[in-house]
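The values are calculated or read from the model by the stated rules, or taken from the named source; none is laboratory data. Values in this document were obtained by computation on a predicted structure and should not be read as measured data. Cβ placement follows ideal geometry from the backbone for every residue including glycine, while neighbour counts extend to all protein chains displayed.
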Amino acid sequence: MASRLLWASRAASYLRISVFHRGFSTVLKDLKYADSHEWVKVNGNSATVGITDHAQDHLGEVVYVELPEVGASITQGDSFGAVESVKATSDVISPVSGEVVEVNEELNNSPGLVNSSPYEKGWIIKVDIKDSGELNNLMDSEKYTKFCEEEDGKH
């Protein structure tokens with residue numbers, strides 16, 4: 001019985017892994033996206049920022065996330081931290097300007113959350129938005145999906 005359970009859990013983990021490497025990335029409808037592959041979830045004047053499923057997929061296994069300090073000022077288009085994976089280190093570019101009000105401390109111990117849950121548990125910072133007009137510079141889910149398809153087609 002135990003060996004059958006072990007086989008079943010191995011099969012399940014194998015299936016999970018093979019499903020994970022689908023040809024396209026998850027893009028959530030109610031978010032805004034930057035062409036540097038960060039997402040923003042806006043709630044009033046507050047924004048939660050992370051990297052997209054597409055970005056984490058290209059980076060591979062994330063081993064370290066460099067977080068900014070709470071209270072830091074960030075500017076749209078400028079780097080505020082970095083994500084280090086087994087393959088590369090990539091700057092995280094801020095999709096909005098404002099003040100960092102919270103950082104995801106969980107990433108210090110579990111940087112892999114960026115891979116396993118890029119839009120939920122793997123968020124990176126929360127920001128008090130300075131200029132909501134900047135959100136117009138970002139893409140909606142449809143534009144971002146097309147952008148990723150075009151970018152992947154170039155490689």
I need the full set of residues from the stretch 131-148 which are in a helix (DSSP H, G or I), surrounded by 13 or more Cβ atoms within 10 Å (Cβ to Cβ) and of a type in the set (D, E, K, R), in order please. 134, 143
Failed item, numbered, when residue 88 is tested on (1) without any contact (Cβ under 8 Å) to a residue 40 or more places away in the chain; (2) more than 19 Å from residue 34 (Cβ to Cβ): (2)
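Does residue 96 fit the bill of being part of a loop (DSSP other than H, G, I, E, B), modelled with pLDDT of 95 or more, surrounded by 15 or more Cβ atoms within 10 Å (Cβ to Cβ) and of a type in the set (Val, Ile, Thr)?
Working: part of a loop (DSSP other than H, G, I, E, B): yes; modelled with pLDDT of 95 or more: yes; surrounded by 15 or more Cβ atoms within 10 Å (Cβ to Cβ): yes; of a type in the set (Val, Ile, Thr): yes.
Judged against the criteria, residue 96 is a match.
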Can you name the strands (runs of 3 or more DSSP E) wholly within the stretch 30-81 that have at least 1 residues being closer than 22 Å to residue 140 by Cα? 38-43, 46-51
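Take the conditions surrounded by 14 or more Cβ atoms within 10 Å (Cβ to Cβ), closer than 22 Å to residue 60 by Cα and out of contact with any Ser or Thr (no Cβ under 9 Å at 6 or more places or on another chain) and apply them to residue 113. Does it pass?
On the way: surrounded by 14 or more Cβ atoms within 10 Å (Cβ to Cβ): yes; closer than 22 Å to residue 60 by Cα: yes; out of contact with any Ser or Thr (no Cβ under 9 Å at 6 or more places or on another chain): yes.
Here the answer is yes, as residue 113 does meet what is asked.
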Just the residues that are modelled with pLDDT of 95 or more, of a type outside the set (D, E, K, R) and more than 19 Å from the chain's Cα centre (by Cα), please, taken from the stretch 134-155. 136
Please find, among 9, 18, the residue that is assigned to a helix (DSSP H, G or I), over 22 Å from residue 111 (Cα atoms) and modelled with pLDDT under 50. 9
